[in-house]
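Have a look at the structure below, then the notes.
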Amino acid sequence: MAESELVQRIERLRALLREHNYRYYVLDDPNVSDAEYDALMRELRHLEATHPELCSPDSPTQRVGAPVTSQFGKVRHPQAMLSLGNAFDEADLHAWRERVLKLLGADTPLAYVVEPKIDGLAISLTYRAGRFELGATRGDGEVGEDVSANLRTVRGIPLLLRTETPDTPIPTSIEVRGEVYMRSADFEALNKRLASSGEKIFANARNSAAGSLRQKDPAITANRPLRFFAYQVGPVEGVELTSQWQTLAYLRDLGFPVNRDARRFDDFAAVLDYCRAWMARRDSLEFEADGIVIKIDDFAQQRELGVVGRDPRWAIAFKFPAREATTRLQAITVNV
Ligand code: NAD
């Protein structure tokens, strides 16, 4: 590609991705599929990686999600809320593991936590002395929106923490991160309800969850079937967490919903088997999932691996392949 053509293509991709981001994150009304969006993003990443001189800090590859709108107060996250790098096939997963081993040392024993990738929106919940204080969207990763009043209406989010086991301490303070989402059946029922009252329907469950959470009136949010899964923590005081697996158990103990399909494996072949099994279950899940997330279990290893751009090196999202648009050909039988 000639230099001028290349510059033009990069600019076009950036403009398209900015527009898609705006429709998806701000309007909750995308007009391309996630697979189409991912393909544009991959092309831009590839062009920027092969032509570093054309990189720009305001490129859509350099940010997470969307800027906050003026509708809600702003919240600066004490620790950035990241995105996830993507793997589209098993070769990408092997390449990810090799990068991890290259950074940690080839003989380092690794354990992995594998979790469903629920297609909702990432939020952060802050608790002090066991009480819910603040809830925010991810926003651009650094600054999100204060949607506390709306999050209080989500039934799965505990307002007071408690423990099942006497040995589990309530943290002095904790930031819990997870996904607000809608079950597929609830989403369809909501769309029917909206359509019958002449209101605008949502394109998919993810946008429905996002639109429902970002309502000006919390009473509307309270009427929407929103659910929550906790999958991570930000800063924590008063308790020491050393691994992802321990964290998931701790979150469950504190009263958070944690996905039952999360698993821990020492063996990468078992990770791949679980991913394959998960892919096969895609259509029977009660919520929309867009893949599976693989995380390095040990927090000391996670810290050593760190972050590249907006993606942690210690985790990767294995995305489901794009759903093919199916055309049914009518078979015609002719009796001769
Ligand atoms: P992402 O969805 O690829 O992955 C990161 C997110 O995964 C996290 O922030 C979190 O919200 C979520 N997640 C779910 N389960 C998780 C778990 N167990 N552990 C950790 N995280 C978990 O990245 P993104 O930055 O949120 O969004 C980018 C994606 O959004 C694109 O890949 C694209 O598919 C879609 N998108 C689509 C359009 C469109 O117009 N169709 C526009 C913008 C973005």
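The values are calculated or read from the model by the stated rules, or taken from the named source; none is laboratory data. All figures in this text were calculated on a predicted structure; none of them were measured in a lab. Here the Cβ positions follow ideal geometry from the backbone for every residue, glycine too, while neighbour counts run over all protein chains shown. For accessibility, only protein heavy atoms count, side chains too; no ligands or nucleic acids. Shrake-Rupley method; radii C 1.70, N 1.55, O 1.52, S 1.80 Å.
Restricting attention to segment 292-315, the residues that are in a strand (DSSP E or B) and within 11 Å of the ligand (Cβ to nearest atom) add up to 7. Please go through segment 90-123 and give me each residue that is basic (Lys, Arg) and either away from the ligand (no atom under 11 Å from the Cβ) or not in a strand (DSSP E or B) (or both), ordered by number. Residues satisfying the conditions are 97, 99, 102. For segment 73-89, state whether one or more residues are surrounded by 15 or more Cβ atoms within 10 Å (Cβ to Cβ), away from the ligand (no atom under 11 Å from the Cβ) and part of a helix (DSSP H, G or I). Within segment 73-89, none of the residues are surrounded by 15 or more Cβ atoms within 10 Å (Cβ to Cβ), away from the ligand (no atom under 11 Å from the Cβ) and part of a helix (DSSP H, G or I). In the set 139, 156, only one residue is within 15 Å of residue 211 (Cα to Cα), touching a residue at least 24 places away in the same chain (Cβ under 8 Å) and in a loop (DSSP other than H, G, I, E, B); that residue is 139. Answer yes or no as to whether residue 211 is within 18 Å of the chain's Cα centre (by Cα), small (Gly, Ala, Ser) and closer than 30 Å to residue 111 by Cα. For residue 211, the condition - within 18 Å of the chain's Cα centre (by Cα), small (Gly, Ala, Ser) and closer than 30 Å to residue 111 by Cα - is not met. Going residue by residue through segment 40-57, is there one that turns out to be part of a helix (DSSP H, G or I), open to solvent by 30 Å² or more (accessible area, probe 1.4 Å) and of a type in the set (Val, Ile, Thr)? Yes, that holds for at least one residue.
Screening residue 206 against (1) touching a helix residue (DSSP H, G or I) at 6+ places or on another chain (Cβ under 7 Å); (2) within 13 Å of the ligand (Cβ to nearest atom) leaves a single unmet condition, (1).
For segment 37-72, what are the residues that are small (Gly, Ala, Ser) and more than 13 Å from the ligand (Cβ to nearest atom)?
The answer is 49, 56, 59, 70.
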